[in-house]
Amino acid sequence: MRERSLIRGMCERGAKPARCDAAPQTANLELYPSDTYNRRVFEFLLAFAASAIVALLLIRSAHLHGQHSGDHDFDKPQGFHAMPVPRIGGLAVLVGVSIAPLPVAWQLGTDAAQVVLVLLGCSMAAFLAGFIQDFTEAIAPKGRLLATGVSAAAAFYWLDAGIVHTGIPGLDWLVGTAVGSLMVTLLAVAGIANAVNIIDGLNGLAAMCVMLILGAFVYVAYQVGDALLGSIALATIGSVLGLFLWNYPKGLIFLGDGGAYLLGFLMSELFILLLKRHPGEVSPLFPLLACIYPIFETLFSIYRRWVLRSTLPSTPDGIHLHSLVFRRVMRWVVGDDSVEGRIRRNSMASPYLWLLCFSSVVPAVLFWDNTPLLAVALLAFVASYVSWYWRIVRFKSPRWMVPRSRRPRR
């Protein structure tokens with residue numbers, strides 16, 4: 001049978017930058033050169049500079065493409081901007097994440113460089129579906145999810161990036177088969193990509209959450225000695241930060257569907273590859289806890305729409321948690337509805353959600369190899385999210401969320 005996995009091939013040829021599954025536990029290879037710190041800094045800065053420059057060029061040239069790339073719909077329920085803004089920031093992220101990891105990958109070997117190139121190639125279907133949507137508004141959510149599934153299937157075939165262990169009883173039996181592993185992998189990758197798109201509703205919200213999640217990933221990747229995956233994640237963080245520079249707090253450019261689906265795909269594939277390359281070292285619940293905010297936001301939204309409101313899960317609405325923070329908490333801080341006031345409310349709402357994301361990332365980093373503690377942290381997050389949501393939706397926001405001088409009189 002023809003070998004189809006580049007990852008597996010790297011292991012067989014001794015080029016994998018971490019312990020191979022079949023290698024003795026004592027066989028810890030020398031993974032980094034002496035100048036590894038400088039290489040990491042260079043990679044990060046290269047990604048940041050490339051993304052920031054491309055984003056600036058897109059902003060400055062908005063008069064040329066803004067008629068098609070700008071978000072002119074101010075009345076949609078999930079929109080919070082007050083003036084036309086280019087929503088093609090995903091292009092800047094793609095440029096940064098495509099350029100930066102290649103020097104490190106080539107230093108690790110041609111096989112590592114192939115993994116980077118194949119991963120980026122697999123991501124194109126997800127990115128292009130979102131990017132075309134940003135320009136044309138012609139691709140329905142089902143079409144974008146299907147394209148992301150195509151990307152996930154390509155990575156499953158070429159990189160052997162499949163979920164084979166979940167730590168969840170019953171589901172492990174399903175992913176133990178090739179068909180079950182493929183189905184769960186497609187659902188997980190498409191779901192996470194869509195989840196990143198859902199939380200991309202406020203200036204800097206999705207970008208910061210992705211950076212926090214990938215920051216946790218980089219820490220664990222280097223803990224288990226995976227220089228390749230760590231370098232890809234580090235480059236992605238630098239690329240997102242380059243866009244974040246222009247996206248927050250003024251919202252001069254948006255991540256867009258292309259950027260959201262690209263980041264969601266890369267993030268989910270990196271976690272899948274980390275678990276596949278280091279079985280038994282990293283808990284399968286580590287990715288779930290690290291990504292639980294966008295994931296649970298999506299699941300809770302489906303529950304609200306389908307069960308509580310008897311509408312289609314894809315029906316847009318304006319009562320996501322970040323929407324409620326913007327409309328029902330920030331109105332006490334910035335009461336006017338001018339353009340400047342709406343931008344200020346938008347930027348001031350995001351840190352509340354960053355804190356929520358951070359609350360799951362911290363225990364994920366602390367207990368990345370301890371499944372029972374990760375499970376407890378997952379339950380704690382779900383309880384906190386639901387409690388927080390229902391208090392805000394009933395106009396009983398926690399008092400710490402509203403500055404003392406701005407609290408409404410009761």
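Could you tell me which residue of segment 103-139 is most open to solvent (accessible area, probe 1.4 Å), considering only residues that are among the β-branched types (Val, Ile, Thr) and under 14 Å from Leu270 (Cβ atoms)?
Val118
Does segment 302-320 contain at least one residue that is hydrophobic (A, V, I, L, M, F, W, C) and crowded, with 23+ Cβ neighbours inside 10 Å? Checked against the condition, which is being hydrophobic (A, V, I, L, M, F, W, C) and crowded, with 23+ Cβ neighbours inside 10 Å, segment 302-320 yields no hits at all.
Among residues of segment 388-399 that are polar (S, T, N, Q), those with a beta-carbon under 8 Å from a residue that is surrounded by 10 or more Cβ atoms within 10 Å (Cβ to Cβ) at least six positions away or on a different chain give the pairs Ser397/Arg328; Ser397/Val329; Ser397/Arg391.
So that you can scan it fast, the table gives a plain yes or no per residue for (1) open to solvent by 50 Å² or more (accessible area, probe 1.4 Å); (2) in a loop (DSSP other than H, G, I, E, B):
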{"position": "Glu281", "(1), (2)": "no, yes"}
{"position": "Leu288", "(1), (2)": "yes, no"}
{"position": "Thr298", "(1), (2)": "no, no"}
{"position": "Tyr352", "(1), (2)": "no, no"}
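If you go through segment 304-327 and pick out every residue that is assigned to a helix (DSSP H, G or I), within 15 Å of Trp390 (Cβ to Cβ) and touching a residue at least 12 places away in the same chain (Cβ under 8 Å), you end up with 5.
Looking at Thr166, Thr148, just one residue is modelled with pLDDT under 95, polar (S, T, N, Q) and open to solvent by less than 40 Å² (accessible area, probe 1.4 Å), and that residue is Thr166. Has segment 249-259 got at least one residue that is within 28 Å of Lys142 (Cα to Cα) and free of Cβ contacts under 8 Å to residues at least 60 places away in the same chain? Scanning segment 249-259, I find no residue that is within 28 Å of Lys142 (Cα to Cα) and free of Cβ contacts under 8 Å to residues at least 60 places away in the same chain, so the answer is no. Candidates are the residues of segment 354-382 that are open to solvent by 60 Å² or more (accessible area, probe 1.4 Å) and part of a helix (DSSP H, G or I); the one that is nearest to Val402 (Cα to Cα) is Leu355.
Listed conditions (1) over 26 Å from Gln133 (Cβ atoms); (2) touching a residue at least 40 places away in the same chain (Cβ under 8 Å) are all met by Gly176, apart from (2). Among the residues of segment 71-102, write down those that are open to solvent by less than 40 Å² (accessible area, probe 1.4 Å) and at pLDDT below 80. Answer for segment 71-102, where residues must be open to solvent by less than 40 Å² (accessible area, probe 1.4 Å) and at pLDDT below 80: Asp71, Gly79, Phe80, His81, Ala82.
Name the residue, out of Leu275, Leu245, that is open to solvent by 10 Å² or more (accessible area, probe 1.4 Å), more than 30 Å from Ala62 (Cα to Cα) and either touching a residue at least 60 places away in the same chain (Cβ under 8 Å) or charged (D, E, K, R) (or both).
The match here is Leu275.
The values are calculated or read from the model by the stated rules, or taken from the named source; none is laboratory data. Not measured: the values here are computed from a predicted model. Cβ sites come from the backbone with ideal geometry, for glycine too, and all protein chains shown count toward neighbours. We work out accessible area using only protein heavy atoms, side chains counted, and drop any ligands, DNA or RNA first. Shrake-Rupley method; radii C 1.70, N 1.55, O 1.52, S 1.80 Å.
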